[in-house]
Amino acid sequence: MMKRKQLKRVVCIGGGTGTFVGLRGLKQYPLSLSAIVTMSDSGGSNRRIRDEFGLLPTSDIRQCLVALSDENGGIGLLRKLFMYRFEKGQGIAGMTFGNLFMAALTDIVGSQEEAIRQTGKVLRIKGAVIPVTLSETNLYATYEDGHVVTEEHLIDEPVHDGTLQIVDTYLKPKAVPNPEALAAIESADMIVLGPGDLYTSLLPNLLVSGIPEALKKTKATVVYVMNLMTKYGQTYNFTAADHIRTLEKIMGKVIDAVLINTHALSPKALAMYAKFKEAPVMDDLSLDSYYRVVKAPLVSNTLYAKASSDALIRSLIRHNSDKLALALFDIMERSTT
């Protein structure tokens, strides 16, 4: 009897919309997928999940579960239900059904970790969603003027001058790595960093003790997906090289390839971003770098709108799931054959 060919193992590290987009495309390929997800979010419904339920934030977990879920038949309807955001109801407006479902399930099964696993079964996900840590922690950032912001939400949507540069980030209290996350990194064939907000979606994973060390030891091909736009309050006026230097400060020179978009962005969307002092990330990467620079048209032509009850700022321009997944799969095939 012929042995079944073992699927290549791909681990996506991040959180939020960017990781959702990448996973949704990659699940169409014959791969063993895992998502390692940040657990320091403190904005929107996550604040209420943390303050009122005493749980770790679930929004990024929920998005990854939905991204990996079966899209056929009744499960497709469940996907929509898990992303549904209530627009009415005192005390419930702004909350998502998926976050409330997982809060209730945690009470039923006795732990949030088990609730995540069981939610994956309900949605029939293709892969695994792994919290990077199960520690209660917050993201801190020190800016160039010396002031310190003590939670992720205020970094993501600053009340201070968002043109100030961040000079240091850390988790407090220190976070213990989830053993499942370390094991996934160790056994991976390819690790995808991003896309997503540099300081609030990607770095909170890398700031967990043990994660940078695991990335330095891994034999996997490490790919960084460059963001499409700068972020006011985080990466104001950042070039592509600035993004790389920020990552290198934490995890060293472990990147094997950088994937960057070449497709023109919508003038309408760019005008809207400009009002928030945000612009396309300038490609200033050297072709002589230690990593390979892969350029491809990766942007979606769709401009995304958010629900009226959603208090958070959302991305208008996003990567195209299918184009991004194809580029990543091609990098993996070239690197592992």
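The values are calculated or read from the model by the stated rules, or taken from the named source; none is laboratory data. None of these values were measured; they are calculated from a predicted model. Because the Cβ atoms are built from the backbone with ideal geometry, glycine has one as well, and the counts that use them run over all protein chains shown. Surface areas here come from the heavy atoms of the whole protein model, side chains and all, with no ligands, DNA or RNA. Shrake-Rupley method; radii C 1.70, N 1.55, O 1.52, S 1.80 Å.
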### Computed [θ] at 222 nm, helices only, for the chain once each DSSP H run of length n ≥ 4 contributes -39500 (n - 2.57)
-11000 deg cm²/dmol
### Query
How high is the relative contact order of the range 75-234, in percent, with contacts defined as C-alpha pairs under 8 Å that are six or more residues apart?
19
### Message
Report, in listed order, any pair from Lys172/Lys253; Lys5/Lys217; Lys27/Lys277; Lys8/Lys174; Lys231/Lys295; Lys126/Lys323 with a Cα-Cα distance greater than 28 Å.
### Response
Lys27/Lys277; Lys8/Lys174
### Message
Under the rule of at least 5 residues apart or a separate chain, name every residue whose amide H is placed under 5 Å from the amide H of Met229.
### Response
Val281
### Summary
Computed over the chain, protein heavy atoms only, probe 1.4 angstrom, the accessible area per residue in square angstrom equals 46
### Task
Just order 147-159, 13-25 by mean Cβ neighbour count inside 10 Å, highest at the front, would you?
13-25, 147-159
#### Entry: Among 190-201, 270-281, 220-231, the order from most to least packed when residues are scored by Cβ within 10 Å on average
190-201, 220-231, 270-281
#### Entry: Candidates Asp242, Asp189, Asp284, ranked by Gaussian network fluctuation over the chain, Cα under 10 Å, top entry
Asp284
### Task
Using label points projected 7 Å from each Cα along Cα→Cβ, tell me how many nm separate Val159 and Ile250, to one decimal.
2.5
### Task
Using per-residue counts of other Cβ atoms within 10 Å, averaged over each peptide, order 170-178, 86-94 from highest down.
170-178, 86-94
## Note on the structure
Per the C-alpha gyration tensor (a ≥ b ≥ c, the square roots of its eigenvalues), the range 134-177 is rounded if a/c is under 1.5, else prolate if a/b beats b/c, else oblate; here it's prolate
### Task
Give the relative contact order (percent, whole number) for the chain; include only Cα pairs under 8 Å separated by 6+ residues.
19
### Task
Compute the signed sum of charges (Lys and Arg +1, Asp and Glu -1) over the other residues within less than 13 Å, Cβ to Cβ, of Asn261.
+2
